[in-house]
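Everything below concerns the one structure shown next.
The values are calculated or read from the model by the stated rules, or taken from the named source; none is laboratory data. Please read these numbers as outputs of a predicted model, since none were measured by experiment. Cβ atoms come from the backbone with ideal geometry, glycine included; neighbour counts cover every protein chain shown.
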Amino acid sequence: MSTPPYLQPPPWPGGGSFEPPTAGDIASIEAALVQRLQLQIGSNGPNAVEVVHFPDKPEKYREVHRIGVVMVIYGGSDYGEIIDTSFMMQERTLEWVIAVLMRDLGWAYGGPRSGTSPGAYSIIEAIRAALIGWVPTGACTQMRPLGDKFVERDSEGGVWIYEMRFSTRAMSVPYYAPPDDQYPPLTHIKLMEENAITTTPVPAASYTFSGTAPQTVTLPQRNVSMVVVMSSNLAITYVLNTDYLLDSVHGIITQITTGAITANEQVTVSYDYADIVDVPDPNWPQQ
């Protein structure tokens, strides 16, 4: 009898898989473990055993391989103390359980085997050799054996069942979240180089101070250097920081009221300027 649609759980929003996968998540480490054991004990010709992920419904699983099967399942994690006071960073110790289901028991350890195929003892030692000191992913430490033990003899299925436990350590950190609305996305940058090496000279021209005191002159270019301010008859050369202030990035000359430049005075200014570099954000749609 099937479950009515209104009682079925909604589909997983990620389409059945965890997103985004990382080198330190459960699925990535377990996949690496299964692949490692498949290469080490699952590809030895007639003496190979089956290596699989632990089934979702173990009560319905039946061991049909003529030698045996090895199953890998995540056993749980312990989390250490917070490492950084301003960031939720912890060391995570992940435990992995390897279930060994073998039709034969003995090997050189414990007595002679009863058949022509490798037994549980042989496979346990092969798994230990394959995993001890091995690094499953770039985000983990070496695998460490924690223990192994006999679980039961399944007389109905005709298999010996053992359990092996291993652990590895990884870092647990929060996933990145985009900033909220108080931090608007960067869309455009203007780079203006001060004291630029590559400049263009501008011939002397007349400008008039205007506005409220202290009055200003705004040059046609920005990013200026080598500024010379003189009286209109070129008889007086005014002194920077005594007679005027200079905003070289924005090309603004500001009168110092205690200096020699008078209100609404016409002056002659020559200068060099460097180009302004506009750098649009490549990820932002251009108009």
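Values as computed for the structure displayed
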{"read-out": "In region 260-276, the residues that are of a type outside the set (D, E), in a loop (DSSP other than H, G, I, E, B) and more than 52 Å from the chain's Cα centre (by Cα)", "value": "A260, I261, T262, A263, N264"}
{"read-out": "Residue match in region 182-192 (condition: surrounded by 13 or more Cβ atoms within 10 Å (Cβ to Cβ), part of a loop (DSSP other than H, G, I, E, B), at pLDDT 65 or above and among the aliphatic types (A, V, I, L, M))", "value": "no"}
{"read-out": "Answer residue from region 107-129, given it is buried (at least 17 other Cβ atoms within 10 Å of the Cβ) and outside any loop (DSSP other than H, G, I, E, B) and is modelled with the lowest pLDDT among those", "value": "W107"}
{"read-out": "Subset tally (residues that are modelled with pLDDT of 90 or more and part of a loop (DSSP other than H, G, I, E, B)) for region 139-164", "value": "4"}
{"read-out": "Number of positions in region 247-259 that are in a loop (DSSP other than H, G, I, E, B) and exposed (fewer than 15 other Cβ atoms within 10 Å of the Cβ)", "value": "4"}
{"read-out": "Counted residues, region 206-223 - those being of a type in the set (G, A, S) and part of a loop (DSSP other than H, G, I, E, B)", "value": "2"}
{"read-out": "Residue list for region 80-101, restricted to those being among the small types (G, A, S) and buried (at least 16 other Cβ atoms within 10 Å of the Cβ)", "value": "A99"}
{"read-out": "Any hit, region 94-106, residues being farther than 24 Å from L146 by Cβ and at pLDDT below 75", "value": "yes"}
{"read-out": "Residue, modelled with the lowest pLDDT, within region 23-47, restricted to residues that are crowded, with 16+ Cβ neighbours inside 10 Å and closer than 13 Å to I127 by Cα", "value": "G42"}
{"read-out": "Residue within region 57-75 that is more than 19 Å from R165 (Cα to Cα), more than 25 Å from the chain's Cα centre (by Cα) and at pLDDT 85 or above present", "value": "no"}
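The rows are residues; the columns are (1) hydrophobic (A, V, I, L, M, F, W, C); (2) within 12 Å of V269 (Cα to Cα); (3) free of Cβ contacts under 8 Å to residues at least 40 places away in the same chain; (4) crowded, with 16+ Cβ neighbours inside 10 Å.
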| residue | (1), (2), (3), (4) |
| --- | --- |
| T200 | no, no, no, no |
| P220 | no, yes, yes, no |
| N223 | no, no, no, yes |
| M226 | yes, yes, no, no |
| N233 | no, yes, yes, no |
| T237 | no, yes, yes, no |
